[in-house]
Amino acid sequence: MKITGTFLDEISHDIPSSNWGRKEWAKDFDEMKAIGIDTVILIRAGYKNKLTFDSESLKKYIQPYPVYIDLVDLFLEQAERCGMNFYFGLYDSGEYWHKGDYKKELEINKELAKEVAEKYGERKAFKGWYASHELSVHDEDQLSLVGELCEELKSIKNIPILISPYVKGRMQFEDPITLEEHEAQWDQIFSALSGKVDIVAFQDGQVDFFELEDFSRVNKKLADQHGIESWANVESFERGMPINFLPIDWRNLKMKMDVAQKVGVSKLITFEFSHFMSPNSIYPSAHFLLDRYREFTKL
Amino acid sequence: MKITGTFLDEISHDIPSSNWGRKEWAKDFDEMKAIGIDTVILIRAGYKNKLTFDSESLKKYIQPYPVYIDLVDLFLEQAERCGMNFYFGLYDSGEYWHKGDYKKELEINKELAKEVAEKYGERKAFKGWYASHELSVHDEDQLSLVGELCEELKSIKNIPILISPYVKGRMQFEDPITLEEHEAQWDQIFSALSGKVDIVAFQDGQVDFFELEDFSRVNKKLADQHGIESWANVESFERGMPINFLPIDWRNLKMKMDVAQKVGVSKLITFEFSHFMSPNSIYPSAHFLLDRYREFTKL
Amino acid sequence: MKITGTFLDEISHDIPSSNWGRKEWAKDFDEMKAIGIDTVILIRAGYKNKLTFDSESLKKYIQPYPVYIDLVDLFLEQAERCGMNFYFGLYDSGEYWHKGDYKKELEINKELAKEVAEKYGERKAFKGWYASHELSVHDEDQLSLVGELCEELKSIKNIPILISPYVKGRMQFEDPITLEEHEAQWDQIFSALSGKVDIVAFQDGQVDFFELEDFSRVNKKLADQHGIESWANVESFERGMPINFLPIDWRNLKMKMDVAQKVGVSKLITFEFSHFMSPNSIYPSAHFLLDRYREFTKL
């Protein structure tokens, strides 16, 4: 089973900018295509003051940094050229939904979605929405935000909606959730999102490797029960090292891919190809990661 | 408006060493020249025990690490070859002036300046002093240190003196200074330094982008009032990321350059070309930063 | 005096993985040989759940991550091809010996050593053991662990045993040890290890440079007194920078090599060539470090 989707991260919130331009992105899409990537997901349209395109609607709510290049257009163009599906990631204020004002976050994103549908909705590669607000444990407000946003997205443009939540696991949290508690909470969450979200791709880096299979099985089972398709977001960066975040050890990538395959997800995506697995990456160990990946997947 | 000056950082206090030798530095000076850099500024002659040359005067006060290469000579030679102006950065003990003993810091640097003037003063490229002790808020001792040092420097070799202070801004400090307070304090500081310092190049990375224009206008206005020329130190490294310090996102560089141009500074310098913007940089994203920089400045 | 030995680090506990495969390792052994490296030391057979080979004995005690490649075999093969001596580093649970259960750590390693001797003991390059549990100050349990382990190793395969302790120095510890206290404690430690350990290679990065010569002299003198050969582990990575751990400034490497030579050690080894000094390193500054190293050692 190969990785056939990748996030696109050029907002540079915690991952350093590669400083790529049009030519470098085109070259990287060629490399994605070469290893069979057919799906690209914009990690978010914007984060706080940073935007991927000069959005009229967002400007009503926030003061953006200057936008010099329309990355949505650039990514759509490349996705079209390479025959890929593009998922549009919504905006994350980094603020309202963390401060109890999910309705504001929702309002901003509803307007954004309308603008985006109007501006890019007819583009051939525009095949999905990515609800970028990351869920983890049961939280009524966050659930309302994502649920209501998905309904709105469906009404604006009825294409598949993807989410990529994370497990509150021991690799990142001092008070990790138990498997039982996780199952109970995600049963509730999926119940609320059933019929709204189409695809779930759990991140896999917060869970201890030896617990990953159990958590992944529960996630798959619950998603099945609520009619949601399961992908896996096999993270290609390493966590928990003195330098965060660098390309992952190929052995850790393989371990996680094997688990995802074992529990039966239908597709593997990764965060993300361009920094961590690409022969064009600014990190040389990414070049070797791709070599190892090609070897063990016989690509 | 282009960046026409850069600091030279080879003391490796918080920026990792590139481990360049004579050949690599010569190659990098060629690249500097190619994009129009005409001014190079030694960040400091030494920091704590690390020295850029085997200084007899400093050895009276500190126990230096072994010095294997005369970087001052090397940088002067390259600056001469490339027709650039070289500014000599003074010594920072990292100690005395932080511990209430500015007079000791002053004494050390007076002796150093004499030695340097004698040793390198006739070199063609030796065109300025850089008073390397970074000012920020009003502090009588620091002000005395820089003021008295500048008078001494002028008497030793009467060439322009540059300082590169920073704003106590919210990107770095939990209790940032207000614009009004900054204006009041720098009015005092510039009053004290008027006639002593010739050029001020404020660092621009500590200020929130949306406040940068206001702070920069105040800085420019005050410097004008006190007869000090304004340059801008447009930092080419990113702050506030999990990995400190890597090449800046080209969009952030452009934003800051545009602000500097808008408020009317006469020259843009950067900290610093060789790690963060050079095609020879040990960081691949620096290579792409230069490509973007060339694009947006039409170089 | 040249560096003629290096650790091999592919467990990726705190140093990011290079993601090298067979071909890349072969290429790097060529480079090691080219600069005169004749000794390679596996840093450890395993750390916590990560193993360098699919060990039957370790599986009785721990649940290992999947092992996809036999690194011990690969390293032995390359060492044989290049005419080098290979030292096998024992297993570090990262647990038992820190929690008062040194006997468990010992038991695990005894079984491992037997398995390893049986599996790889006849390999031509297998010329030494490396007792990987790092000693620093006097600790009865740790001393029993290393002492008893060494006796067992000798009885299994009687080849030289290397240890690489560290000084509890001010570069890493807030309450550094004094030279006198260090001397007193290591007199005890070496007394206990005399006749068991053959070679000691102190790490040199925890000690302030100006104290390094004194500590190194004491180490050499004590080792001589107890019939233990002295090497130096000249670390090739930089400590105490915002980014840990990157290739060291070549001047710091030279300073430390000069001290080691001055106090009379018989061999210089480093942690480690492949990340920090190799022309194949994922860090470009390592490529330049090798250039500088070749210059100052006239290699």
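The values are calculated or read from the model by the stated rules, or taken from the named source; none is laboratory data. Keep in mind that this is a model prediction, so the values were computed, not measured. No Cβ is skipped: glycine too gets one built from the backbone with ideal geometry, and neighbour counts run over all protein chains shown. Quick note on the areas: whole protein, heavy atoms, side chains included, nothing else; ligands and nucleic acids left out. Shrake-Rupley method; radii C 1.70, N 1.55, O 1.52, S 1.80 Å.
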Only bridges whose two residues both fall in the range A:3-261 count here: according to DSSP, what percent of them are antiparallel, nearest 5? 10 percent
Residues of the range B:125-139 with backbone nitrogen within less than 20 Å of a virtual label 7 Å along the Cα-to-Cβ line of B:E180, please, listed as ranges. B:137-138
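Can you tell me the relative contact order of chain C? Whole percent, Cα pairs under 8 Å, sequence separation 6 or more.
On the way: 545 pairs, mean separation 51.8, N = 299.
Worked out over chain C, it gives 17 percent.
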In Å², rounded to the nearest 100, what is the total accessible surface buried by chains C and A against each other with a 1.4 Å probe? 2000 Å²
Along the charge dipole of the protein assembly as shown, Cβ charges K/R +1 and D/E -1, which of A:L193, A:F86, A:F173 sits furthest on the positive end? A:F86
With 10 Å bins from 0: P(r) over the range A:144-299, alpha-carbon pairs, percent: 11, 37, 32, 18, 2
Between B:E148 and B:N244, what is the spin-label point distance in nm, taking each point 7 Å from the Cα along the Cα→C-beta axis? 3.1 nm
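If you take every DSSP beta bridge whose two residues both sit in the protein assembly as shown, what share of them, in percent to the nearest 5, is antiparallel? Please report the intermediate quantities before stating the final value.
Working: 9 of 96 bridges.
Here the antiparallel bridges make up roughly 10 percent for the protein assembly as shown.
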Ranked by GNM mean-square fluctuation in chain A (Cα springs under 10 Å), the top entry among A:H133, A:H98, A:H182 is A:H98
Dipole-positive endmost among C:V263, C:V137, C:S278 within the protein assembly as shown (Cβ charges, Cα centre): C:S278
Report the accessible area of C:S230, computed with a 1.4 Å probe over the heavy atoms of all protein chains in place, in Å² rounded to the nearest 10. 10 Å²
Per the 1.4 Å probe, what fraction of the accessible area of the protein assembly as shown, in percent, lies on carbon and sulfur atoms? 45 percent
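What does the charge dipole of the range B:158-229 about its Cα centre add up to, to the nearest 20 debye, if the Cβ of each Lys and Arg holds +1 and the Cβ of each Asp and Glu holds -1?
On the way: 6 positive and 14 negative charges, 60 e Å.
The dipole magnitude comes to about 280 debye.
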Which aspartates and glutamates have a Cα lying under 12 Å from the Cα of A:K33, excluding residues fewer than 8 positions away in the same chain? A:E80
Based only on Cα atoms, what Rg/Rh ratio does the protein assembly as shown have, Rh being taken as Kirkwood's radius? 0.99
Sequence neighbours fewer than 8 away in the same chain don't count; with that in mind, list the lysines whose C-alpha is under 19 Å from B:K196. B:K103, B:K110, B:K114, B:K127, B:K154, B:K157, B:K220, B:K221
Which chain B residue puts its Cβ closest to the axis that rotates B onto C, and at what distance in whole Å? B:I243, 4
What distance in nm separates the simple spin-label points at A:N49 and B:F209, each placed 7 Å from Cα in the Cβ direction? 0.7 nm
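Nearest-5 percent of antiparallel DSSP beta bridges in the range A:1-121? Provide the component values of the computation, followed by the final result.
On the way: 2 of 11 bridges.
For the range A:1-121, the DSSP antiparallel bridge percentage is about 20.
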Drop in accessible area of at least 30 Å² in the complex versus isolated chain, residues of the range B:236-252, 1.4 Å probe: B:M241, B:P242, B:I243, B:N244, B:L246, B:D249, B:W250, B:R251
For chain B, modelled as a Gaussian network with Cα springs under 10 Å, which listed residue fluctuates most, B:A117, B:A260, B:A286? B:A117
Per residue, how many Å² of accessible area does the range B:3-261 show with a 1.4 Å probe? 36 Å²
Distance between the C-alpha centers of the range C:192-269 and the range C:138-157? Whole Å please. 22 Å
Taking the simple approach of a point 7 Å from Cα along Cα-to-Cβ for both C:M1 and A:D139, what is their distance in nm? 5.8 nm
Give me the residues in the range C:46-74 whose solvent-accessible area, probe 1.4 Å, is reduced by at least 50 Å² once all protein chains are included instead of the chain isolated. C:Y65, C:Y68
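Roughly how big is chain B's charge dipole about its Cα centre, with Cβ charges of +1 (Lys, Arg) and -1 (Asp, Glu), in debye to the nearest 20? Before the final figure, lay out each step's value.
Details: 37 positive and 51 negative charges, 188 e Å.
For this selection, approximately 900 debye.
According to the square roots a ≥ b ≥ c of the eigenvalues of the Cα gyration tensor, what is the shape class of the range C:16-74, taking rounded for a/c under 1.5, prolate for a/b larger than b/c otherwise, and oblate for the remainder? List each step's numbers first, then the result.
Working: a/c = 2.76, a/b = 2.11, b/c = 1.31.
Here the range C:16-74 falls in the prolate category.
By the gyration tensor of its Cα atoms, with a ≥ b ≥ c the square roots of the eigenvalues, what is the shape of the range A:36-106: rounded for a/c under 1.5, prolate for a/b over b/c, or oblate? Mind showing how you got there, number by number?
On the way: a/c = 3.26, a/b = 1.75, b/c = 1.86.
Here the range A:36-106 falls in the oblate category.
Could you size up the charge dipole of the protein assembly as shown around its Cα centre, putting +1 on the beta carbon of Lys and Arg and -1 on that of Asp and Glu, and report it in debye to the nearest 20? Show your work: numbers first, answer last.
Working: 111 positive and 153 negative charges, 562 e Å.
Here the protein assembly as shown has a charge dipole of around 2700 debye.
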Divide, for chain C, the radius of gyration over alpha carbons by 2.2 N^0.38 Å, where N is the residue count. 0.95
On the formula 1/(1 + (r/R0)^6), with r taken between the Cβ atoms of C:K119 and A:Y68 and R0 of 41 Å, the FRET efficiency rounded to 0.05 is 0.10
Label-to-label distances across copies for A:R217, with labels 7 Å out along Cα→Cβ, in nm, shortest first? 6.5, 6.5
For B:K59, list the aspartates and glutamates whose Cα falls under 19 Å from its own Cα; do not include residues on the same chain fewer than 8 positions away. B:D70, B:D73, B:D92, B:E95, B:D101, B:E105, B:E107, B:E111, B:E115, B:E118, C:D208, C:E211
Reported to the nearest 10 Å², B:M241 has, with a 1.4 Å probe, an accessible area equal to 20 Å²
Using a label point 7 angstrom from Cα along Cα-to-C-beta, what distances in nm, from shortest up, separate C:R81 from the other copies? 3.9, 3.9
Calculate for the protein assembly as shown the 222 nm mean residue ellipticity that helices alone would give, adding -39,500 (n - 2.57) per DSSP H run of length 4 or more and normalising by residue count, nearest 500 deg cm²/dmol. -13500 deg cm²/dmol
